[in-house]
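Following: one structure in structure tokens, then a few remarks.
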Number of protein chains: 2
Amino acid sequence: MTARYDIDGLKARLPGVRIEDNPALVRQKSRDFFWYSPRLKRELDGVTGDVVAVPASEAEVIEILKAAYALGIPVTPRGTGTGNYGQAMPLSGGIVLDLSRMNAVKEITPGKVVAEPGAILAKIDRQTRPHSGQEIRMHPSTYATASIGGFVAGGSGGVGSIRWGGLRDAGNVISLKVVTMEESPRVLTLAGDDIHKVSHAYGTNGIITEVAMALGPAYDWIDLLVGFADFGAAAAYANALGEQDGLLLKEVAVVAAPVPHDTFLRHQRFLPRDRHVVIVMVATHALDAMLAFTGRFRGAEIPFRQDALAPEDLRGLPPVYELAWNHTTLRALRADPAITYLQVLYPFPDQFALVERLHARFGADEVKAHLEFVRFDGKITCFGLPLVRFTTEDRLEEIMRIHEDMGAPIFNPHRYTLEEGGMKQTDAVQLAFKREADPRGLLNPGKMIAWDDPDYDYASGKTYLFPGLAARDAAA
Amino acid sequence: MTARYDIDGLKARLPGVRIEDNPALVRQKSRDFFWYSPRLKRELDGVTGDVVAVPASEAEVIEILKAAYALGIPVTPRGTGTGNYGQAMPLSGGIVLDLSRMNAVKEITPGKVVAEPGAILAKIDRQTRPHSGQEIRMHPSTYATASIGGFVAGGSGGVGSIRWGGLRDAGNVISLKVVTMEESPRVLTLAGDDIHKVSHAYGTNGIITEVAMALGPAYDWIDLLVGFADFGAAAAYANALGEQDGLLLKEVAVVAAPVPHDTFLRHQRFLPRDRHVVIVMVATHALDAMLAFTGRFRGAEIPFRQDALAPEDLRGLPPVYELAWNHTTLRALRADPAITYLQVLYPFPDQFALVERLHARFGADEVKAHLEFVRFDGKITCFGLPLVRFTTEDRLEEIMRIHEDMGAPIFNPHRYTLEEGGMKQTDAVQLAFKREADPRGLLNPGKMIAWDDPDYDYASGKTYLFPGLAARDAAA
């Protein structure tokens, strides 16, 4: 496979740049959490790059892209590889562009941080908090390890979205600097609606070298788990809690019994097996109001309150955001390797009816409910990351089709392309920008169907298979 | 009238307390902005207290209440008198309790300020901003002059409610200290749902001596006026802007043409007479995103942008929040003394249809639209403070009845009682607390119908007339 590209020529052109070619290391840096999906696990397990380039600066990024462009070598950018859809995996081999060394926090002002793409989210907050009592508005459950560039390039929201909405929402990402993949790479600054050209584009049409992101006020967040005997009551409470505009919350999720007891192992002693659990993070100064509000709900119990426990009882417990979003999936997977998951939107205002109908349709053995409440277009509703007992890929497809038929859009986490994981249609803005910024199609090949196959029929019911992967499979 | 109460005895019992009895001063301190309403102007113009007591501390409040209780003298608390419904006017005379000297900011912590009731909102922010980059989450348009105690006792929300909801929402007021009106006054701290016992109760059931309120992050807010030729387009834009969860806004209002041009005199040169105007305050770091979002709306013009003007062009211009809420009314009233107003809720999700139907019903000559967008139970909707060309009290009543019949609840600003200005029913929690905290009924008499006339029929279509006022009118 390495024979495909002139790697020696690449190295010769980049004498000052750190290039790794140890195959074990390259393979490790060519992977993400794609194995959450049994299908992606089958499809992508053999994917690896040829080398890893580790730039220390934007100037080195430019050098690398210039050399790669000249030699026709694909470049797939990567933060820390915490994604779940193979978005940072080099389907055509070539260069894995590891941006982890570019991790400086460059500027902190009221409401805004400017950072290099490799900066880890939690580490950014460790600077913004003491600087001016500010923090990143939202983060994935991989807060401790995910980079800001990877989050913008492949994420959608997470912890904090109950207050601020998602990354796609105006005002959350303020501006991006991107380097183009051309003979003479350009550095562009994108702000306003231009951000959408490269946000959530998996690095297919530009390499993000700087992110300016909105900050919110930083507080001490208190973790709580609220228990209910009835799932519908738990969901109604979570939604109503989210609708309290004056209550500063950072996370509201519902996980159906018995998942919390069975898989939140370090919190297990707090959680009766028959209790559906609402995961809540609330600011210290909002705790009284949150408890008063909770007291209005019949049947609400609070089996876990971080502020009411002694330090020795808290020792070893993960923060509750590491029970939420895809950490819920991770914990369930660890407890039972046959588990996989979906990503569902239950649109406002029918979220409860939809959740109820869908879960009644499948039964709690095959699909277990996990709801993440968010602000979405100005209203509270929920995404679902239901846990699915995997049997066959066909059945998984069928479960997703039934969701869509019943009115709940699926963001398919069992696909590596932007389109199949998203809106099942061409993103004309991203495609147009790729034509401009990556004319040879060398950035993260295979992830944007619209580039490789402009006539692809998303309604065909088939799965897109990137020719590069097909060729590899044929050669294997 | 002074003969009713033993004022000399009161003074004798309070040798260390500042008591004012100059009739002109007492009359001045017995008034608020009740004259916005032609009806309240007629009913309340003669109201005055007997003396003004100006305590310097909670200990002096206790002394005053103890003495007043012993002598049977009513006590009506007052901040700076910026209310509009006579809420701080002493219908039975007696003591006006002027809390303006109790204006200390006692504590600032992340997300919270603790202040005495007389602290002016803008002055609080002048301490919280340099202290830790924080500010009061919401304020009335009388930010520069209103006190925090008066806001909590008589307000409902305002500038900032587009992000944080209203004062009634859990988490916005954190706790209150109140002194009871008993033989031996007690000092109680109310938190959680107990706050509702005395918030928005006009001081009828306890004297607030300390307010703990939530703070939000402080930013430099940029004032903008966005113009539209079409009113419906302006309202749709305002609502959609408010629904942008990631955009930090502090104010979104719509004022129908030609009111902005005709009454926002110092901004007049920016405002064509035929333009409906959306009043916006946006944080500096959200400006780009706000402008990009605005660019998606056909027909949106930005005739006024604070950040695009030179200092000499800004000189003398009031902040745009002083064009909004009841400052809109004030400016319209100044331009035309025949103008009065209503307070309307257009409930989600029918706000646009309701606004359109109501304004079509009355015509733009009699009722001019003024919409204030807010978060309300987790959704964006709008209140209305429409400007009404006043003809007769009967017609004003009819206009309000038509609103209610068409599905838009009225918070009647032409009544001085809590119930008639609010939900037209007894607030059992506030009534029960009054029984406990003011057993002789000496606090702000005449404002809580449920106390004076437990059997009052709110559906009668009549206006409640406080017996104390009726007696005064008979004697006059």
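Annotations for the structure displayed:
- Couplings 3J(HN,Hα) of the range A:15-23, computed from phi: x, x, 9, 6, 10, 10, 10, 4, x Hz, in residue order, whole Hz [Karplus 6.51 cos²θ - 1.76 cosθ + 1.60, θ = phi - 60°; x for Gly and Pro].
- For the protein assembly as shown, alpha-carbon Rg and Dmax in angstrom: 31.2, 107
- For the range A:189-272: rounded, prolate or oblate by the Cα gyration tensor [a/c cutoff 1.5]: prolate
- Zero-based 10 Å bins, Cα pair distances in the range A:351-427, whole percents: 17, 49, 30, 4
- Between B:Tyr458 and B:Arg361, the C-beta separation translates, for a Förster distance of 30 Å, into a calculated FRET efficiency of about 0.80.
- When a 1.4 Å probe is rolled over the protein heavy atoms, the share of accessible surface on the protein assembly as shown that falls to carbon and sulfur comes to 51 percent.
- Applied to the range B:291-303, the Karplus parametrisation 6.51 cos²θ - 1.76 cosθ + 1.60 on θ = phi - 60° returns per-residue 3J(HN,Hα) values of 5, 4, 4, 4, x, 6, 9, 4, x, 7, 10, 10, x Hz, with x for Gly and Pro.
- Distant alpha-carbon pairs in the range B:300-417 (separation over 16 angstrom), percent: 65
- Helix B:393-405 axis versus longest C-alpha principal axis of chain B: approximately 70°, rounded to the nearest ten.
- Heavy-atom accessible area per residue - the range A:113-235, 1.4 Å, Å²: 26
- Inter-copy label distances at A:Gly9 (7 Å, Cα→Cβ; nm, one decimal): 10.7
- Cβ-based net charge around B:Val259, under 11 Å, with every Lys or Arg adding one and every Asp or Glu removing one: +2
- Structural descriptor for the range A:1-100: relative contact order 37 percent, calculated from alpha carbon pairs under 8 angstrom and at least 6 residues apart.
- Our note on the geometry: Cα centres of the range A:111-133 and the range B:140-156, 36 Å apart.
- The range A:164-232 and the range B:401-476: distance between their alpha carbon centers, rounded to Å: 51
- The range B:37-83-the range A:13-49 distance, computed between alpha-carbon centres (Å): 75
- Working note: 222 nm ellipticity from helices only, DSSP H runs with n ≥ 4, each -39,500 (n - 2.57), summed and divided by the residues of chain A, gives -8500 deg cm²/dmol to the nearest 500.
- Peptide A:103-110 has a mean of 1 when you count, residue by residue, the C-beta atoms of other protein chains within 10 Å of its C-beta.
- Using a probe of 1.4 Å on the protein chains alone, the accessible area found for A:Ser184 is around 70 Å².
- In sequence order, the range B:424-441 has phi-based couplings of 6, 7, 5, 8, 4, 5, 5, 5, 4, 5, 5, 4, 7, 9, 8, x, 8, x Hz under the Karplus curve 6.51 cos²θ - 1.76 cosθ + 1.60, θ = phi - 60°, and Gly or Pro positions carry x.
- For the range B:105-217, the alpha-carbon coordinates run over 43, 25, 25 Å along the three principal axes, in decreasing order.
- Cα-Cα P(r), the range B:1-100, percent of pairs per 5 Å interval: 3, 15, 26, 25, 17, 9, 5, 2, 0
- 10 Å Cβ neighbours from other chains, averaged over peptide A:247-258: 1
- Computed over chain B: relative contact order in percent, which uses C-alpha pairs under 8 Å that are six or more apart: 15
- Longest to shortest principal axis, alpha-carbon extents of the range A:277-361, angstrom: 42, 34, 21
- Chain B against chain A buries an accessible area of about 3000 Å², both chains summed, 1.4 Å probe radius.
- Anchor B:Lys112: lysines whose Cα lies under 30 Å away (excluding residues fewer than 8 positions away in-chain): A:Lys106, A:Lys112, A:Lys123, A:Lys250, A:Lys379, B:Lys123, B:Lys177, B:Lys197, B:Lys250, B:Lys379, B:Lys434
- Cβ-vector label at 7 Å, B:Ser184, separations to other copies in nm: 8.9
- For chain A, the Kirkwood hydrodynamic radius from C-alpha pairs, put into Stokes-Einstein at 37 °C and a viscosity of 0.692 mPa s, yields a diffusion coefficient of 143 µm² per second.
- Amide hydrogen neighbours beyond the local backbone of B:Gln343, cut-off 5 Å, H modeled: B:Phe411
- Local electrostatic count at B:Arg357 - Lys and Arg +1, Asp and Glu -1, tallied over other residues with Cβ under 12 Å: -2
The values are calculated or read from the model by the stated rules, or taken from the named source; none is laboratory data. All figures in this text were calculated on a predicted structure; none of them were measured in a lab. No Cβ is skipped: glycine too gets one built from the backbone with ideal geometry, and neighbour counts run over all protein chains shown. Surface areas here come from the heavy atoms of the whole protein model, side chains and all, with no ligands, DNA or RNA. Shrake-Rupley method; radii C 1.70, N 1.55, O 1.52, S 1.80 Å.
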